[in-house]
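Working notes, beginning with the structure itself.
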Amino acid sequence: MSFSFLTFKTSGAFHEAKGNVKESIGNTFGSANMQQKGAAEHHAGEAEKNAARTQGYAEGTGDRVTGKKDQVVGAVTGDRSQEASGNLRQEKGDKKQDVNRKVF
């Protein structure tokens, strides 16, 4: 399982917040250059965070599909262990998608 998307999501949130601070400082002190740099960093951080969220959502989709396949194959073949494992993986995929779903 890859958790790299979590690192990028955290990094993106940091740069988004840092950009907001720079933008506010630029607005407060009348520095257009600082305001522009802050806005650019904010948008770059937001893009990084959204890319990580998309990657996490896609990984969740993969887990759901693989889990469903294992669950069905286990049910058809009578392999209860495979069926249970598939159910767990499918639930894991659901949770990963929930965490990475964009909330407005």
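The values are calculated or read from the model by the stated rules, or taken from the named source; none is laboratory data. All values derive from a computational prediction rather than experimental measurement. We place every Cβ from the backbone using ideal geometry, glycine too, and count neighbours over all the protein chains shown.
Just the residues that are among the aliphatic types (A, V, I, L, M) and either within 12 Å of T61 (Cβ to Cβ) or touching a residue at least 24 places away in the same chain (Cβ under 8 Å) (or both), please, taken from region 71-104.
Result: V99, single match.
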Odd one out for G19, checked against (1) touching a His at 6+ places or on another chain (Cβ under 9 Å); (2) at pLDDT 95 or above: (2)
Residues satisfying the stated conditions in region 24-69, i.e. without any contact (Cβ under 8 Å) to a residue 12 or more places away in the chain and hydroxyl-bearing (S, T, Y): T28, S31
Test: residue in region 92-99 that is under 16 Å from L6 (Cα atoms), among the hydrophobic types (A, V, I, L, M, F, W, C) and outside any loop (DSSP other than H, G, I, E, B): yes
Answer residue from region 78-91, given it is part of a helix (DSSP H, G or I), exposed (fewer than 15 other Cβ atoms within 10 Å of the Cβ) and not polar (S, T, N, Q) and is farthest from the chain's Cα centre (by Cα) among those: R80
